[in-house]
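Right, one structure below, let's go through it.
The values are calculated or read from the model by the stated rules, or taken from the named source; none is laboratory data. This structure is a prediction, so every number in the text was calculated from the model and none was measured. Heads up, the Cβs are rebuilt from the backbone with ideal geometry, glycines too, and the neighbour counts pull from every protein chain shown. Areas reflect the complete protein model, heavy atoms only, side chains present, ligands, DNA and RNA absent. Shrake-Rupley method; radii C 1.70, N 1.55, O 1.52, S 1.80 Å.
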Amino acid sequence: MAAPGAPVTVTVTYSNEKHSIQVASQQEDGEPTLQDMAVLIEQVTGVPVHFQKLIYKGKSLKELEQPLSALGVKNGCKVMLIGKRNSPEEEAELKKLKDLEKSVEQIANKLEEVNKEFTSIQKGFLAKDLQIEALKQLDKRIKGTAEQFMKILEQIDAINLPENFSDCKLKKKGLVKRVQVFLAQCDTIEGNIGQEMDKLQSKNLALAE
């Protein structure tokens, strides 16, 4: 019997194909789950997770967060997969969306950096006479970051998908939502930077009088 958390080797049959996969947990010290197995099955068969119907001992496996052990799936088990692969055309569109997703992650890192630097200025980690100049630079950077997010949104919007490209449509919808959340964060940070600059400028004016 496999130790808890040990990888589980499973044979997946799909149409006339057979794939032997070793399912390991994505969580440290965790047990492999149905989700872990479904993601691996997508990699080897090309059938997206949400299009997979996995059958084990005549029963459909549905609860993705469940450990394989709780579903009775052990080393050497056979699981049958039913589901459709994406067409090469849909895969090409998916690749475009995945590339845009990587760009979104990179821009999100810039947003995080601006936020960290702004927080350190608020906490007084920078000499007072340098704060206004530093805030002006951050204001420029956050505006540039928001512009980059807007460009990505335009690129996502320009991807026209046929009705039957449901996997792509889901990905596109999720990506648009994420970019909108990041844009809202840009607005908030830009507003906070503006308020902080106003406060510092009023203090400087009061000191000058």
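Brief remarks follow.
- The residues of region 25-41 that are without any contact (Cβ under 8 Å) to a residue 24 or more places away in the chain and closer than 17 Å to Gly83 by Cβ, listed by number, are Val39, Leu40.
- In region 52-68, the qualifying residues are those that are part of a loop (DSSP other than H, G, I, E, B) and under 24 Å from the mean Cα position of the chain (by Cα), and the one that is surrounded by the most Cβ atoms within 10 Å (Cβ to Cβ) is Gln52.
- So Glu91, is it part of a helix (DSSP H, G or I), more than 17 Å from His19 (Cα to Cα), open to solvent by 60 Å² or more (accessible area, probe 1.4 Å) and not polar (S, T, N, Q): yes
- Unique residue being under 30 Å from Lys199 (Cα atoms), in contact (Cβ under 8 Å) with a residue 12 or more places away in the chain, of a type in the set (Gly, Ala, Ser) and out of contact with any strand residue (DSSP E or B) (no Cβ under 7 Å at 6 or more places or on another chain) when the list is Ala127, Ala146: Ala146
- Residue list for region 94-109, filter: more than 14 Å from the chain's Cα centre (by Cα) and crowded, with 16+ Cβ neighbours inside 10 Å: Leu94, Lys96
- Check on Val44, touching a residue at least 24 places away in the same chain (Cβ under 8 Å), open to solvent by 40 Å² or more (accessible area, probe 1.4 Å) and under 22 Å from the mean Cα position of the chain (by Cα): yes
- Here Ile193, Ile159 are screened, and the one residue that is open to solvent by less than 30 Å² (accessible area, probe 1.4 Å) and more than 17 Å from Glu91 (Cα to Cα) is Ile193.
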